[in-house]
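The values are calculated or read from the model by the stated rules, or taken from the named source; none is laboratory data. Keep in mind that this is a model prediction, so the values were computed, not measured. Side chains included, ligands, DNA and RNA excluded: accessible areas come from the protein's heavy atoms. Shrake-Rupley method; radii C 1.70, N 1.55, O 1.52, S 1.80 Å.
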Amino acid sequence: MPGTSGTRRTPRGLETRSRIVDSAAKLFYVKGVNATTLDDVRLASSTSKSQLYNHFEDKHALIHAVIDVQSQFVLAREEQRLRGVKTLTGLRRWRDALVQANSLQDGSYGCALGAMSIELSDNDEQSRQALNASFDAWRRILVETLTRLRVLGVLAEDADPQRLGTGLLAALQGGYVLAQNAHSSEPMAIALDMALDHIESLARS
């Protein structure tokens, strides 16, 4: 992973960089990107100014690194949860895991990627493109899952995995936002249930 100079990093340097990104990701998630300063990150990661700027020339560079790390985490999690889904019950279990995780913090903070998208997409084109690519990848995972269900005969032939996947992801992200404002996971549960009810209405009889 290159720093600002593009030079090769030592294991200790990579550990420092990882600690900075991890601390920034946690602060962005809880406080928000705009409310978090580089001094906040420096204190949270126990690094000096020279260490921080050795790895990131400015806040924008750090933001882009956080987006990359958070995207990898979310997409790996969703791939793991969905790759074995072969029934509508399995899809419900995926929903249950998301709602349960959200309920542990009373709906607060929302989706890490969604929260950054709200803050950054209108004023940072590089971040917007990176986040859009992440949501596209997330949608593809859902589309692949729904396509698998159609191939297996769980869903009818006229079910459209592309449209269903987009709708399901939109329901999830909207659910995150409503849960965050309500400080309750109930709106997310309702949004996902309505999306899944529609998908189940397309089950092969």
Anything in the chain that counts as a DSSP H helix reaching 30 Å or more along its axis (C-alpha) with Kyte-Doolittle mean of at least -0.5? List them, would you?
59-82, 125-151, 161-182
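Sum -39500 (n - 2.57) across every DSSP H segment of at least 4 residues in the chain, then divide by the residue count to get the 222 nm mean residue ellipticity, nearest 500.
Values: 9 runs with 149 residues, N = 205.
The helix contribution divided over the chain gives -24500 deg cm²/dmol.
Given segment 3-86, report the % of alpha carbon pairs whose separation exceeds 19 Å.
On the way: 1410 of 3486 pairs.
I get 40 percent for the Cα pairs in segment 3-86 exceeding 19 Å.
On alpha-carbon atoms, Rg over Rh for segment 61-151 using Kirkwood Rh?
Values: Rg = 14.5 Å, Rh = 14.3 Å.
Looking at segment 61-151, the ratio lands at 1.02.
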Rounded to the nearest 10 Å², what accessible area does SER184 show when all protein chains are kept and the probe is 1.4 Å?
40 Å²
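When ligands, DNA and RNA are left out and all protein chains stay put, how many square angstrom of accessible area per residue does the chain have with a 1.4 Å probe? List each step's numbers first, then the result.
Details: 10830 Å² over 205 residues.
Result: 53 Å² per residue.
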Heavy-atom accessible area with a 1.4 angstrom probe orders GLU78, GLU125, most exposed first, as GLU125, GLU78
Computing the accessible area with a 1.4 Å probe over protein heavy atoms, can you report the carbon and sulfur percentage for the chain?
51 percent
As a test of understanding, state the convex hull volume per residue of the chain from its alpha carbons, in Å³.
127 Å³
Build a GNM of the chain with springs between Cα atoms under 10 Å: which of ASP122, ASP22, ASP96 gets the top mean-square fluctuation?
ASP122
